[in-house]
1. Please enumerate the residues belonging to the range 69-78 that are in a helix (DSSP H, G or I) and farther than 14 Å from residue 116 by Cα.
2. Could you tell me which numbered condition residue 163 fails, if it satisfies all but one of (1) exposed (fewer than 15 other Cβ atoms within 10 Å of the Cβ); (2) in contact (Cβ under 8 Å) with a residue 24 or more places away in the chain; (3) farther than 24 Å from residue 63 by Cβ?
3. When only residues in the range 122-140 that are touching a helix residue (DSSP H, G or I) at 6+ places or on another chain (Cβ under 8 Å) and either free of Cβ contacts under 8 Å to residues at least 24 places away in the same chain or more than 13 Å from residue 201 (Cβ to Cβ) (or both) count, which is surrounded by the most Cβ atoms within 10 Å (Cβ to Cβ)?
4. Here are some residues: 104, 82. Which one is within 17 Å of the chain's Cα centre (by Cα) and either under 28 Å from residue 162 (Cβ atoms) or surrounded by fewer than 16 Cβ atoms within 10 Å (Cβ to Cβ) (or both)?
5. Does residue 12 meet the test of being surrounded by fewer than 19 Cβ atoms within 10 Å (Cβ to Cβ), touching a helix residue (DSSP H, G or I) at 6+ places or on another chain (Cβ under 9 Å) and within 30 Å of residue 262 (Cα to Cα)?
6. One residue is enough: does the range 247-258 have a residue meeting the conditions assigned to a helix (DSSP H, G or I), exposed (fewer than 14 other Cβ atoms within 10 Å of the Cβ) and free of Cβ contacts under 8 Å to residues at least 24 places away in the same chain?
7. For the range 24-41, which residues satisfy the criterion of being assigned to a helix (DSSP H, G or I) and surrounded by 21 or more Cβ atoms within 10 Å (Cβ to Cβ)?
8. Can you name every residue in the range 262-281 that is under 21 Å from the mean Cα position of the chain (by Cα) and touching a residue at least 12 places away in the same chain (Cβ under 8 Å)?
């Protein structure tokens, strides 16, 4: 196939399209929130989420369902990490999802301090079956808080000539929003995680205590969202409020009632509210420590 002047632009665009397909197939809520992002940041967030999703799928069942041994699954995760690091360094990958992420990482300043804990948490899923408080916190940092920090790098730096460090207040908000999202997912999926994957992420924490922590983190994140760049606030508000709604429904749901979800009509109202520029929902107006 002969080369042409637009060859790399075509490849870059195809990689972004591949990442967008991953987002649309794996998370309707996330895909919905992404539509509220400005054009400056939307492709980058999709590029990030697609890589995170692929890594998560390697350790969460599809690879095992394809017949891979635990050792082969670990090798596959290691290979994905290595390919990601090499692609970020050289600016190209034969893996379209990795290529899309690498372009985002290079532009927005996503680096080893983000990738190390993320892949470390993914690796923990292959060996850790029951978490205590310390391992829970370390896992949440690597699997969720760091994802929030990578999103923040995108929000602050997409389109800049050179990336800069985000303000400390936004860093704290990004971490706490990521932690809240992950703890909500742990509560929603607790039965599936234990029965299908043999994992207990909450290590015996009482449900109400976890929900209290989630609400504090969501309230803390809500104070940071208005300080984000304008083309990011609506999408982050929509994601925040969708998870606040899930937390409320988890609080009200009796044990054993099945996986809690937000009905489509309610989901649409939450996204519409965010699209109109309304501030993120807060349960407690007081302290957010």
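The values are calculated or read from the model by the stated rules, or taken from the named source; none is laboratory data. For clarity, every value in this text was computed on a predicted model and none was experimentally measured. Backbone-built Cβ (ideal geometry, glycine too); neighbour counts: all protein chains shown.
1. Those that are in a helix (DSSP H, G or I) and farther than 14 Å from residue 116 by Cα: 70, 71, 72, 73, 74, 75, 76.
2. Every listed condition holds for residue 163 apart from (1).
3. The qualifying residue surrounded by the most Cβ atoms within 10 Å (Cβ to Cβ) is 122.
4. 104
5. Here the answer is no, as residue 12 does not meet what is asked.
6. yes
7. Selection gives 33, 34.
8. 262, 267, 270, 271, 274, 275, 280, 281
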